[in-house]
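Structure first, commentary second.
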Amino acid sequence: MSCLVKICGINSEDAAIAAMSAGADALGYVFFPPSPRHLSLNGAATLTERVPDSILKVGLFVEAGDAALENAIRAGHLDVLQLHGKESPERVAEVKEKFGLRVMKAISISTAADIDSAASKYDGVADFLLFDAKPPKNSNLPGGNAVSFDWTLLTGRSFTSNWMLAGGLDPDNVADAVRISGAPWVDVSSGVEKTKGVKDARKIADFIHAAKGY
């Protein structure tokens, strides 16, 4: 059992170094001011200087306009644009064509019907599908809420697009999540934090080792 790992909500040099040292395949920068993991453009530019080309730099956005996307791409030298709002398939295709980068569409899941609906709209349109749990009603954040969904909903499924599993993952449950869902990628944020918005180097290492099976 092994999969690729994205550590999202990287907003400090210490967090970036911890993720890269432990073997992360992608780093996620959150460009969404309400989030405790929000990263400024200057912060993205500083962090990116330390990130080798072999590690994907993913920018997370919530219904951002073209100017905001362009500024973040330039600052963070982004490889992938993660659209975590209610962006339509048409908007996903538009962003992909305009910026010439891979696009990831986050999908909120609670039932099999949610997966079916999302696949009919976004599979093959987005380069990546990110299956995350629906946020709690009292949350204003589209992700990073430490909430999971039934991983068996993804068992045996295949998609044209590459895909990631997210939502409530942590070092203790990620191995089971990968085994049950068959996810080729996993994405974690709150599950490797010591406090909200502050990453824990030991949890990052433990998570990556468990996900990759070593």
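In this structure, does Val92 turn out to be surrounded by 17 or more Cβ atoms within 10 Å (Cβ to Cβ) and under 21 Å from Ala119 (Cβ atoms)? Yes. Among the residues of the stretch 28-62, the one identified as in a strand (DSSP E or B), surrounded by fewer than 24 Cβ atoms within 10 Å (Cβ to Cβ) and in contact with a Lys or Arg (Cβ under 9 Å, 6 or more places away or on another chain) is Leu56.
When residues in the stretch 66-94 are screened for being over 23 Å from Pro36 (Cβ atoms) and out of contact with any helix residue (DSSP H, G or I) (no Cβ under 7 Å at 6 or more places or on another chain), 9 of them pass. Taking Ser120 as the residue in question, decide whether it is part of a loop (DSSP other than H, G, I, E, B) and at pLDDT 95 or above. No.
List the pairs whose first member sits in the stretch 202-214 and is on the phi > 0 side of the Ramachandran plot, whose second member is open to solvent by 10 Å² or more (accessible area, probe 1.4 Å), and whose Cβ atoms are under 8 Å apart, counting only residues at least 6 apart or on separate chains? Listed by first residue and then by second, the contacts come to Gly213/Met1; Gly213/Ser2; Gly213/Ala175. The residue list Phe149, Phe159 contains one member that is touching a Lys or Arg at 6+ places or on another chain (Cβ under 8 Å), within 18 Å of Ala113 (Cβ to Cβ) and not β-branched (Val, Ile, Thr), which is Phe149.
Here Ser2 passes the criteria (1) open to solvent by less than 40 Å² (accessible area, probe 1.4 Å); (2) of a type outside the set (Phe, Trp, Tyr); (3) at pLDDT below 95 except the one numbered (1). Inside the stretch 183-214, residues that are under 17 Å from the mean Cα position of the chain (by Cα), within 21 Å of Thr152 (Cα to Cα) and small (Gly, Ala, Ser) make up a count of 3.
For every residue, the table says whether it meets (1) β-branched (Val, Ile, Thr); (2) modelled with pLDDT of 95 or more.
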{"position": "Lys134", "(1), (2)": "no, no"}
{"position": "Gly168", "(1), (2)": "no, no"}
{"position": "Val174", "(1), (2)": "yes, yes"}
{"position": "His209", "(1), (2)": "no, yes"}
{"position": "Gly213", "(1), (2)": "no, no"}
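Within the stretch 184-214, the set of residues being open to solvent by less than 20 Å² (accessible area, probe 1.4 Å), under 13 Å from Asp25 (Cβ atoms) and not in a helix (DSSP H, G or I) comprises Trp185, Val186, Asp187, Val188.
Residues of the stretch 5-27 that are small (Gly, Ala, Ser) and open to solvent by 30 Å² or more (accessible area, probe 1.4 Å): Ser12, Ser21. So Val103 fits all but one of (1) surrounded by fewer than 20 Cβ atoms within 10 Å (Cβ to Cβ); (2) β-branched (Val, Ile, Thr); (3) modelled with pLDDT of 95 or more; what number is the exception? Val103 satisfies all of (1) surrounded by fewer than 20 Cβ atoms within 10 Å (Cβ to Cβ); (2) β-branched (Val, Ile, Thr); (3) modelled with pLDDT of 95 or more except (1).
Just one of the listed residues (Gly85, Gly76) is farther than 23 Å from Ser120 by Cα and touching a residue at least 40 places away in the same chain (Cβ under 8 Å), and it is Gly76.
The values are calculated or read from the model by the stated rules, or taken from the named source; none is laboratory data. All values derive from a computational prediction rather than experimental measurement. Counting neighbours? That spans all protein chains shown, and the Cβs are built from the backbone with ideal geometry, glycine included. The area values use the complete protein model at the heavy-atom level, side chains included, leaving out ligands, DNA and RNA. Shrake-Rupley method; radii C 1.70, N 1.55, O 1.52, S 1.80 Å.
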